[in-house]
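These notes concern the structure reproduced below.
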Amino acid sequence: MNPNRKIINTAGTVIISSASAVGGKEYEGPLGACFDFHDPDDRFGQKTFEKSESEMQRLALASAMGKCSLTPSDIGALFAGDLLNQCVSSAYGLLEYDIPYFGLYGACSTAAEGIILASVFVSNKLADYAAAVTSSHNAAAERQYRNPLEYGGQRTPTAQWTVTGAGAFVLAHNENVTPDRVFAAVEDVFPGIVVEKGVTDAANMGAAMAPAACDTLLSFFEASGTSPEDYDMVLSGDLGSEGQIILGELLAASGVSASEKLYDCGMMIYDAESQDVHAGGSGCGCSAVVLASHILPKLKKGELSNILFYGTGAMMSPSSLKQGQAIPAVAHLLHLRSPKAGVK
């Protein structure tokens, strides 16, 4: 492992608020009651799917700030991104917020990437408060990467369903907030590296992302001296069922048994039996909304104590796919601890 690739200590950083907005299919899933906003038509009052995605981001961020009684003037940095070219959903959705803006593209790893960067800002006291927001929209993503929904293309069993959703997070230094406001402590973070193992099938992103997930996990366990048994949950976003199987096999081949600890946001957000999603959910919004509205409340209540959350992203573009290039991927990791376990 590169000696300069180290765990970044972000002790003192806490997540004090989060919010989510989702579409109809996501609301109908097993986590539907957790989400803050939903629209059965996936439109959120907008004329296009791209504008709908922007509106979801606006709603999520406004709600997250409102929950912790902050205004845009309190936020020192905003990290945002989505799946669309030039991250237009983020740029348009966040126009009304007078906050220093950093546009990100990490594909499905964007939620983790945004929280990592916000944590670094906060832990180093470059900002009193920082925010991260990301989104995806099924119809907008299909139009960009594959075919418009009207085309009626058949999906393969390994394909994942892009989540229509947006998640937002507000972070602070624990010196600036009372303990009752804390949902989770960001103990440390571990950025991933780009990994590419020859997968060219855009309908099998799990296979493309699993090697990057394995690299990040093995490198983190080595650097931290820990193992999967030290955590309540090792949560990916979003390998789906196909990628989760491959990850388990890759870890086992490296001598790490983690099957009982591995969970995936893409497998949690939908009901595989009743909802036609094949290998599960994907998209920037998938891990963002599951973390924001399902996992963080469990950490705050102490139902979860010590977890690893890592976002996996397939870094493909329409042009690279048309040229037959293999799909590079990345996995960024966060170590989150319940405030019930004590904030360092």
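No lab work stands behind these numbers, since they all come straight from the coordinates. A quick note: this is a predicted structure, and the numbers were derived from the prediction, not measured. Note that we place each Cβ from the backbone using ideal geometry, even for glycine, and neighbour counts take in every protein chain shown.
Once C-alpha pairs closer than 8 Å and six or more residues apart are averaged by separation and normalised to the residue number of segment 8-176, the relative contact order reads 32 percent. Rounded to the nearest 0.05, what FRET efficiency do SER257 and GLN323 give with R0 = 45 Å and r taken as the Cβ-Cβ distance? Could you check? After rounding to 0.05, the efficiency reads 0.70. Each Cα pair of the chain feeds into the Kirkwood radius, which the Stokes-Einstein equation turns, at 20 °C and 1.002 mPa s, into a diffusion coefficient of 110 µm²/s.
Divide, for segment 186-339, the radius of gyration over alpha carbons by 2.2 N^0.38 Å, where N is the residue count. So segment 186-339 has a normalised radius of gyration of 1.01.
Charged side chains reduced to their Cβ positions (Lys and Arg at +1, Asp and Glu at -1) give segment 186-339 a dipole of some 380 debye around its Cα centre. Only the Cβ atoms of Lys and Arg (+1) and of Asp and Glu (-1) were treated as charged; on that basis the dipole of the chain about its Cα centre amounts to roughly 520 debye. Taking SER69, SER119, SER259 as the candidate residues, the one with maximal mean-square fluctuation in a Gaussian network model of the chain, Cα springs under 10 Å, is SER69.
Site pair GLU229 and ALA11 shows an inter-label distance of 2.5 nm when each label is modelled 7 Å from Cα along Cα→Cβ. Suppose a student asked you for the relative contact order of segment 123-256, using Cα pairs under 8 Å spaced at least 6 residues apart; what percent would you report? Normalised by residue count, the contact order of segment 123-256 is 24 percent. Centre-to-centre separation between the Cα atoms of segment 291-344 and those of segment 165-225: 4 Å.
Beta-bridge orientation, the chain: approximately 60 percent antiparallel, per DSSP, counting only bridges with both partners inside.
Of the GluC sites (Glu not before Pro) found in segment 190-233, those that fall in a DSSP loop while having at most 16 other beta-carbon atoms within 10 Å are GLU196.
Cβ crowding within 10 Å ranks SER89, SER123, SER136 as SER123, SER136, SER89, fewest other Cβ atoms first.
Calculate the length of the line joining the C-alpha centroid of segment 1-37 to that of segment 104-149, in whole Å. What the calculation gives is 10 Å, centre to centre. Ranked by the mean number of other Cβ atoms within 10 Å per residue, highest first, peptides 104-114, 48-58 order as 104-114, 48-58.
Using the average count of surrounding beta-carbon atoms within 10 Å as a protection proxy, the listed peptides 286-295, 24-33 rank, highest first, as 286-295, 24-33. On full extension, the segment bounded by THR156 and LYS301 gains 48.3 nm, given 0.36 nm per residue less the C-alpha separation.
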